[in-house]
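Have a look at the structure below before the remarks.
The values are calculated or read from the model by the stated rules, or taken from the named source; none is laboratory data. The structure presented is a predicted model; accordingly, all values stated were derived computationally and were not measured. Ideal geometry is used to build each Cβ from the backbone, glycine not excepted, and the neighbour counts take in all protein chains shown. Accessible surface areas use protein heavy atoms only, side chains included; no ligands, DNA or RNA. Shrake-Rupley method; radii C 1.70, N 1.55, O 1.52, S 1.80 Å.
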Amino acid sequence: MKRRLAAMLATALTAGTLLAGCSGEQDKKEAGSYTTQAYQDGTMLALSQGKGLDGRFRKEMHQAFAREQIKLTDEKFTEDNSGNTSYQYLINSQPAQNITLHVFSSKPERVSRIANWYGGLQVSETSGARTEIYNKDNTSLVYTSMGKEKGKYSKKVKSLFTGLLEHLGTYEH
């Protein structure tokens, strides 16, 4: 009888502990809904689905490059505290060939940041690297190539970037 009562008490305590743990876990999940975690999760989901910030422009950029048999791979996304967003891609999975799309909160912010990061030239070249910058409004498209294949995609990138930026006003940022 004592064993049965002890077993029932142990079972009740274990069940109570488990329920309290679930409740605590639920509390953490619920608290996350009211913090920036929910916002960040929603933003990343929207970005991964091609919606939200710059989704239409990025989708068109991928399509334009694909039509030229250039695949944009290994996407990376960053956003700063001022709302400036950057997306970086490798061209055909080649680390020495990359594209960066910068979307700034304003045109003056773009002018300031691009000059600070890349200097004042549209094209800059060293013995090991070449950087080409194309700007419009609050957006910059940057092609960077390095090593033996420096500038490998320059002509195609220039044509694609120019075409994309001409249509920039039709996209929501």
Problem set entry | Any pair with Cβ under 8 angstrom, 6 or more apart, that starts in region 147-165 at a residue that is closer than 20 Å to R56 by Cβ and ends at one that is part of a helix (DSSP H, G or I) | L160/M61; L160/A64; L160/F65; G163/A64; L164/F57; L164/E60; L164/M61; L164/A64
Exercise. Among the residues of region 135-145, is there at least one that is in a strand (DSSP E or B) and out of contact with any strand residue (DSSP E or B) (no Cβ under 6 Å at 6 or more places or on another chain)?
Worked result: yes
Problem set entry | Unmet requirement for R130, which otherwise passes all of (1) touching a residue at least 40 places away in the same chain (Cβ under 8 Å); (2) open to solvent by 30 Å² or more (accessible area, probe 1.4 Å); (3) closer than 14 Å to T100 by Cα; (4) not small (G, A, S) | (1)
Exercise. Quick check, is A115 open to solvent by less than 60 Å² (accessible area, probe 1.4 Å), of a type outside the set (S, T, Y) and assigned to a helix (DSSP H, G or I)?
Worked result: yes
Exercise. Which of the following residues is open to solvent by 30 Å² or more (accessible area, probe 1.4 Å), of a type in the set (F, W, Y), modelled with pLDDT under 95 and touching a helix residue (DSSP H, G or I) at 6+ places or on another chain (Cβ under 9 Å): F77, F104?
Worked result: F77
Exercise. Inside region 61-74, can you point out the residues that are farther than 22 Å from A96 by Cβ and surrounded by 17 or more Cβ atoms within 10 Å (Cβ to Cβ)?
Worked result: none
For this session: Please give the number of the condition Q122 fails out of (1) touching a strand residue (DSSP E or B) at 6+ places or on another chain (Cβ under 7 Å); (2) farther than 20 Å from F161 by Cα.
Result: (2)
